[in-house]
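Asker: Before anything else, here's the structure in question.
The values are calculated or read from the model by the stated rules, or taken from the named source; none is laboratory data. Model, not experiment: these values are computed from the prediction. Ideal geometry is used to build each Cβ from the backbone, glycine not excepted, and the neighbour counts take in all protein chains shown. Surface accessibility is based on the protein's heavy atoms, side chains included, excluding ligands, DNA and RNA. Shrake-Rupley method; radii C 1.70, N 1.55, O 1.52, S 1.80 Å.
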Amino acid sequence: MHLQNGGRIPKNSIGALLLFISLSSHLIFPTMSESSSNKRPKLASDMKADVLMVGTGEYTTGYVGGKSADSDKGAGVVALTMFDLRRRGKVDRVGMCGVNGKKFPGIRTHMEKNIGDVYKDMDLTCDTYPSDESVDPKAYEAAVKTYKPGDVAIIFTPDDTHYDIALACIKQGLHVMVTKPIVQTLEHHIALIEAAKEKNVLVAMEVHKRWDPFYADARDRARSSFGNFQYMYAYMSQPKHQLETFKAWAGKSSDISYYLNSHHIDFSEWTLEGIARPIRVTATGSTGVAHGKGMKTEDSITLTVQWENLDDKTVGCAVYTSSWVAPKSDVHSQQRFFYMGTNGEITVDQAHRGMTVAQDGKPFGSVNPLFMKYTPTNGQFSGQGSYGVRSFECFVDACREVNAGTKTLESFDDGSLATAGTTVGGTAILEAGRRSLDADGRPMDILYDGEGGHVPVGIRPHEF
């Protein structure tokens with residue numbers, strides 16, 4: 001099956017379709033009183049999710065500049081995962097929304113080659129917005145209206161568009177997952193939380209490193225036996241050709257800190273929940289390579305963040321560095337960190353998992369199937385255990401559980417998902433970092449409501 005523009009190909013007989021519609025009318029659509037009170041009707045626990053993917057770039061489709069992305073995600077992640085979830089009975093309707101509909105013919109060909117021709121039993125049927133002849137930055141508004149409360153939206157678009165798109169999805173009653181950073185400002189983050197509460201929907205940030213077994217074990221060790229926070233150094237980079245991949249927004253509406261530092265900042269917030277809170281951010285940047293390409297953005301950004309331990313007010317320091325001007329090497333993304341508490345320390349190199357591959361016609365590489373296992377098994381996609389897949393599957397499962405009434409929204413504030421309500425600190429750090437850079441490195445203080453507050457409420461320049 002191929003991606004279809006403006007409609008899906010029915011796979012069942014008309015009689016079966018009418019029966020499904022008849023049953024669905026009792027299971028899905030709310031009565032007037034239910035709709036007016038924002039109460040979602042409970043659905044059957046085995047009800048499949050309808051999913052709208054907003055964004056058509058590297059992470060969604062693997063299609064960049066008219067060809068497969070020159071990265072470790074040439075077949076994409078989001079769309080491949082949604083098609084596999086449909087194959088396994090968890091997802092039904094799949095939609096994809098972008099800005100330039102003229103890209104869709106190329107995307108269909110690319111996905112048929114990299115998914116349909118590679119894996120058995122993959123149904124690539126997908127509604128696409130806007131039409132193949134249109135360019136519409138607001139196409140998501142029409143796409144969202146074709147979905148019903150309880151459906152799922154997954155947003156992978158430039159950082160500065162996250163807030164408007166997520167808010168439109170929430171107002172339609174959709175559960176929403178947004179790639180990191182969820183938004184760029186504390187104000188917008190808090191607004192999304194309030195909107196989600198009003199509509200009773202689940203909103204979370206996609207940070208797949210939470211499902212990386214190395215990350216998860218490091219987090220649990222730090223929380224259980226390392227004591228109060230002392231020091232952390234984290235580094236994450238991508239090769240300089242990524243400046244071309246992201247040239248539409250790099251330095252115009254976002255930066256490398258929002259894009260990559262967000263990973264390790266989320267690790268800190270996830271690890272230090274209830275232990276420490278960020279109180280001050282100082283940022284510095286390196287320049288040269290991007291400027292040489294006519295792009296007004298930093299090559300590398302370092303955020304120095306002071307974390308205050310809640311029990312005794314002692315202070316630890318974390319240094320987060322990200323770059324998109326690294327040389328091409330054996331991995332697409334260098335990523336590592338060192339973490340130290342008062343009682344222990346841990347070092348993790350996530351780029352090198354002990355597996356290397358050499359093959360004629362291809363460069364030597366250190367590979368990481370823990371992230372995405374693209375190699376099929378007996379002709380079928382078999383990457384379900386990869387943390388790149390689990391991040392999405394766990395969110396879809398959570399939405400289905402909320403729809404069925406077997407779980408509450410609050411059930412997922414325990415760290416099992418990066419919910420909007422538990423990731424405010426990360427947004428505050430990233431915004432404070434950008435503001436510090438724009439103020440020539442002036443430190444920014446993160447404000448709280450009282451001495452015991454742990455959710456940021458504001459940011460202000462530090463007074464010396």
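Asker: Within segment 354-403, how many residues are closer than 17 Å to residue 83 by Cα, free of Cβ contacts under 8 Å to residues at least 12 places away in the same chain and open to solvent by 60 Å² or more (accessible area, probe 1.4 Å)?
Answerer: Qualifying residue count, segment 354-403: 2.
Asker: Give me the residue from segment 431-464 that is farther than 15 Å from residue 270 by Cα and of a type in the set (A, V, I, L, M) and, out of that set, most open to solvent (accessible area, probe 1.4 Å).
Answerer: Checked segment 431-464; the qualifying residue most open to solvent (accessible area, probe 1.4 Å) is 457.
Asker: Residues of segment 385-439 being more than 26 Å from residue 90 (Cα to Cα) and in a loop (DSSP other than H, G, I, E, B), which ones?
Answerer: Result: 423, 439.
Asker: Now for a different question. Does residue 424 satisfy being open to solvent by 30 Å² or more (accessible area, probe 1.4 Å), under 22 Å from residue 210 (Cβ atoms) and not small (Gly, Ala, Ser)? Break it down stepwise before answering.
Answerer: Details: open to solvent by 30 Å² or more (accessible area, probe 1.4 Å): no; under 22 Å from residue 210 (Cβ atoms): yes; not small (Gly, Ala, Ser): yes.
The answer is no for residue 424.
Asker: Filter segment 138-157 down to residues that are in a loop (DSSP other than H, G, I, E, B) and either buried (at least 24 other Cβ atoms within 10 Å of the Cβ) or in contact (Cβ under 8 Å) with a residue 12 or more places away in the chain (or both), then give me how many there are.
Answerer: 9
Asker: Another question, then. Filter segment 228-249 for residues that are of a type in the set (A, V, I, L, M, F, W, C) and either open to solvent by 10 Å² or more (accessible area, probe 1.4 Å) or within 11 Å of residue 320 (Cα to Cα) (or both) and give the result.
Answerer: 232, 234, 236, 246, 248, 249
Asker: For segment 311-322, state whether one or more residues are touching a residue at least 12 places away in the same chain (Cβ under 8 Å), closer than 11 Å to residue 433 by Cβ and surrounded by 17 or more Cβ atoms within 10 Å (Cβ to Cβ).
Answerer: Restricting attention to segment 311-322, the residues satisfying the condition of being touching a residue at least 12 places away in the same chain (Cβ under 8 Å) are 311-312, 314-322.
Going one step further and asking which of them are closer than 11 Å to residue 433 by Cβ, we end up with 320, 322.
With the extra rule that they be surrounded by 17 or more Cβ atoms within 10 Å (Cβ to Cβ), the set shrinks to 320, 322.
The answer is yes, given that some residue of segment 311-322 is touching a residue at least 12 places away in the same chain (Cβ under 8 Å), closer than 11 Å to residue 433 by Cβ and surrounded by 17 or more Cβ atoms within 10 Å (Cβ to Cβ).
Asker: Would you check if residue 442 is among the basic types (Lys, Arg), more than 26 Å from the chain's Cα centre (by Cα) and assigned to a loop (DSSP other than H, G, I, E, B)?
Answerer: When the stated conditions are applied, residue 442 passes them.
Asker: Name the single residue that is nearest to residue 157 (Cα to Cα) among those in segment 90-128 being of a type in the set (Asp, Glu) and outside any loop (DSSP other than H, G, I, E, B).
Answerer: Only one residue fits best here, namely 127.
Asker: Moving to a separate point now. Quick check, is residue 198 touching a residue at least 60 places away in the same chain (Cβ under 8 Å), closer than 19 Å to residue 317 by Cβ, of a type in the set (Asp, Glu) and open to solvent by 20 Å² or more (accessible area, probe 1.4 Å)?
Answerer: no
Asker: Starting from residues that are touching a Lys or Arg at 6+ places or on another chain (Cβ under 7 Å) and open to solvent by less than 20 Å² (accessible area, probe 1.4 Å), keep the ones in segment 206-227 and report whichever is nearest to residue 154 (Cα to Cα).
Answerer: The residue in question is 206.
Asker: Another question, if that's okay. Given the conditions (1) more than 24 Å from residue 186 (Cβ to Cβ); (2) open to solvent by 60 Å² or more (accessible area, probe 1.4 Å); (3) acidic (Asp, Glu), and given that residue 414 satisfies all but one, which numbered condition is not satisfied?
Answerer: Of the numbered conditions (1) more than 24 Å from residue 186 (Cβ to Cβ); (2) open to solvent by 60 Å² or more (accessible area, probe 1.4 Å); (3) acidic (Asp, Glu), the odd one out for residue 414 is (1).
Asker: May I pose another question? Looking at segment 327-353, which of the residues that are without any contact (Cβ under 8 Å) to a residue 40 or more places away in the chain and not in a loop (DSSP other than H, G, I, E, B) is surrounded by the most Cβ atoms within 10 Å (Cβ to Cβ)?
Answerer: Looking at the filtered set, the residue picked out is 349.
Asker: Name the residues in segment 158-190 that are without any contact (Cβ under 8 Å) to a residue 60 or more places away in the chain, part of a helix (DSSP H, G or I) and open to solvent by less than 10 Å² (accessible area, probe 1.4 Å), would you?
Answerer: 162, 166, 170
Asker: Condition first: within 16 Å of residue 454 (Cα to Cα) and not small (Gly, Ala, Ser). Now tell me which residues in segment 255-280 satisfy that.
Answerer: 265, 266, 269, 270, 271, 272, 273, 275, 277, 278, 279, 280
Asker: Is it the case that some residue within segment 285-298 is more than 19 Å from residue 245 (Cα to Cα) and crowded, with 24+ Cβ neighbours inside 10 Å?
Answerer: For segment 285-298, residues more than 19 Å from residue 245 (Cα to Cα) and crowded, with 24+ Cβ neighbours inside 10 Å: absent.
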